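Peer 1: Can you keep this structure in mind? I'll have questions shortly.
The values are calculated or read from the model by the stated rules, or taken from the named source; none is laboratory data. These figures come from a predicted structure and were not determined experimentally. All Cβ positions, glycine included, derive from the backbone under ideal geometry; neighbour counts span all protein chains shown. The protein model used for the area step is the full one, side chains on, heavy atoms only, and it has no ligands, DNA or RNA in it. Shrake-Rupley method; radii C 1.70, N 1.55, O 1.52, S 1.80 Å.
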Amino acid sequence: MEDTIDTAMGVFSDQYLVSNDSLLFNITPTHFPPLPPIIDQTISVTTIVILFITMVSLGCTMEVSKIKAHILKPKGIAIAVVAQFGVMPLTAFSLAKVLQLEPMEAVAVLICGCCPGGSLSNILALALKGDVNLSIVMTTCSTVLALGMMPLLLYLYCQGFSNLESAVPYAGITLALVMALFPCSIGILINYYRPQYSKTITKIGLSLLLISMVVIGLLASMTIGRMDLMLTVLSPPLMATAAIMPLIGYTFGYVLSYLFRLNGSGQRTIAMETGCQNIQLCSTILKVAFPPDVIGPLYLFPIIYIVLQVGEAFLLIALFRVHQRFFKTPKKGRLD
């Protein structure tokens, strides 16, 4: 585990950051004062450790037999891939343009929009009585495809912003994705050879994901005088973006699956999968792939996103349960 963390930290060495530094500085009108080294290092290590654990737990939900079954009937997966890598990046780009986000704010939003699905979508699909197997396979496919799709989409959409295409560390992001797949494969092996441990590991991973977001936020706000920087990530444009993005994902995921005539459980599953991104992966990339005085508190944007994403999902789940309870058509032959 320690070797993995050291390797991850080495990927984003000072020399690599300096090579991108001038480009980032050219597009950033204001530099954020860095966190104290001990706090900054603690946050970086924490994000990498939590990413490792959550990706292992994600892998523990994946079963080779179920993946093969859905690959043989790939209609649901194809719709999900189009929704995940078509709707969400375009939504992030459009919101960044419409709300006139600053360059680094746009980068944070684009990286979030281009991220693959996460394990949280599996839980939400279950709560909506969706096809959990389909959700898990969709998360698996989007995680693997992100290795190529995420850098490609970032490159394409960054063309729409002045000088931004040269400022994004594509190599660092690609390496981060490769390193994220490693613990995911460990989880798959655990689920294959020791399935009795999978549920426990998954629960631990999800719990740590939620706890880590709170811990990182507290660490970032510990320094005196940082509150003004914290308000950066709570600005109205970013808050509006974090609120609108998942809602558009849920809506378009449902509409696309409805148009392609998937059943009700499949429609609800793709809706959740589209609107939910791997927030821990997004936060880790933003924290370790960019110089601290350039990204500033914007690596906390995924925390705002996941809060609103889960809140909107819970609202949809509540509405679904109300509909099921009061408007469900009774079965024929049922006695009153």
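Peer 1: Report, by residue number, each residue of region 91-134 that is of a type in the set (Gly, Ala, Ser), assigned to a helix (DSSP H, G or I) and in contact (Cβ under 8 Å) with a residue 12 or more places away in the chain.
Peer 2: 92, 96, 106, 108, 113, 121, 125, 127
Residue-by-condition table, conditions (1) free of Cβ contacts under 8 Å to residues at least 60 places away in the same chain; (2) of a type outside the set (Ser, Thr, Tyr):
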| residue | (1), (2) |
| --- | --- |
| 240 | no, yes |
| 244 | no, yes |
| 247 | no, yes |
| 251 | yes, no |
| 256 | no, yes |
| 261 | yes, yes |
| 314 | yes, yes |
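Peer 1: Another question, then. Output the residues belonging to region 53-82 that are of a type in the set (Gly, Ala, Ser) and under 22 Å from residue 180 (Cα atoms).
Peer 2: Result: 57, 59, 80.
Peer 1: A follow-up question, please. All but one of (1) in contact with a Ser or Thr (Cβ under 9 Å, 6 or more places away or on another chain); (2) farther than 22 Å from residue 182 by Cβ hold for residue 44; which doesn't?
Peer 2: All conditions are met except number (2).
Peer 1: Would you confirm, using the coordinates I've provided, whether residue 29 is in a loop (DSSP other than H, G, I, E, B), open to solvent by 40 Å² or more (accessible area, probe 1.4 Å), modelled with pLDDT under 70 and over 22 Å from residue 303 (Cβ atoms)?
Peer 2: Yes.
Peer 1: From the residues in region 144-179 that are more than 16 Å from residue 112 (Cβ to Cβ), of a type in the set (Gly, Ala, Ser) and part of a helix (DSSP H, G or I), which one is modelled with the highest pLDDT?
Peer 2: Residue satisfying both the conditions and the ranking: 148.
Peer 1: Then there's this: Would you confirm, using the coordinates I've provided, whether residue 309 is modelled with pLDDT under 85 and either closer than 23 Å to residue 86 by Cα or acidic (Asp, Glu) (or both)?
Peer 2: Judged against the criteria, residue 309 is not a match.
Peer 1: Looking at region 233-255, is at least one residue modelled with pLDDT under 85 and either within 30 Å of residue 42 (Cα to Cα) or in contact with a Ser or Thr (Cβ under 9 Å, 6 or more places away or on another chain) (or both)?
Peer 2: Yes, the conditions are met somewhere in region 233-255.
Peer 1: Here are the criteria: (1) within 15 Å of the chain's Cα centre (by Cα); (2) open to solvent by less than 10 Å² (accessible area, probe 1.4 Å). Tell me which single one residue 181 does not satisfy.
Peer 2: Only one criterion is unmet by residue 181, namely (2).
Peer 1: In the list 295, 270, 303, 244, which residue meets the criterion of being under 23 Å from residue 144 (Cα atoms) and assigned to a helix (DSSP H, G or I)?
Peer 2: Step by step, each of 295, 270, 303, 244 is checked, and only 270 is under 23 Å from residue 144 (Cα atoms) and assigned to a helix (DSSP H, G or I).
Peer 1: Listed residues 142, 135; which is among the hydroxyl-bearing types (Ser, Thr, Tyr), touching an Asp or Glu at 6+ places or on another chain (Cβ under 7 Å), closer than 26 Å to residue 210 by Cβ and open to solvent by less than 10 Å² (accessible area, probe 1.4 Å)?
Peer 2: Result: 135 is the single residue among 142, 135 that is among the hydroxyl-bearing types (Ser, Thr, Tyr), touching an Asp or Glu at 6+ places or on another chain (Cβ under 7 Å), closer than 26 Å to residue 210 by Cβ and open to solvent by less than 10 Å² (accessible area, probe 1.4 Å).
Peer 1: Being under 12 Å from the mean Cα position of the chain (by Cα) and either outside any helix (DSSP H, G or I) or crowded, with 19+ Cβ neighbours inside 10 Å (or both): is that true of residue 285 here?
Peer 2: Against the criterion (under 12 Å from the mean Cα position of the chain (by Cα) and either outside any helix (DSSP H, G or I) or crowded, with 19+ Cβ neighbours inside 10 Å (or both)), residue 285 qualifies.
Peer 1: Filter region 150-168 down to the residues that are closer than 20 Å to residue 277 by Cα and touching a residue at least 12 places away in the same chain (Cβ under 8 Å), then identify the one that is most open to solvent (accessible area, probe 1.4 Å).
Peer 2: In this case the residue turns out to be 155.
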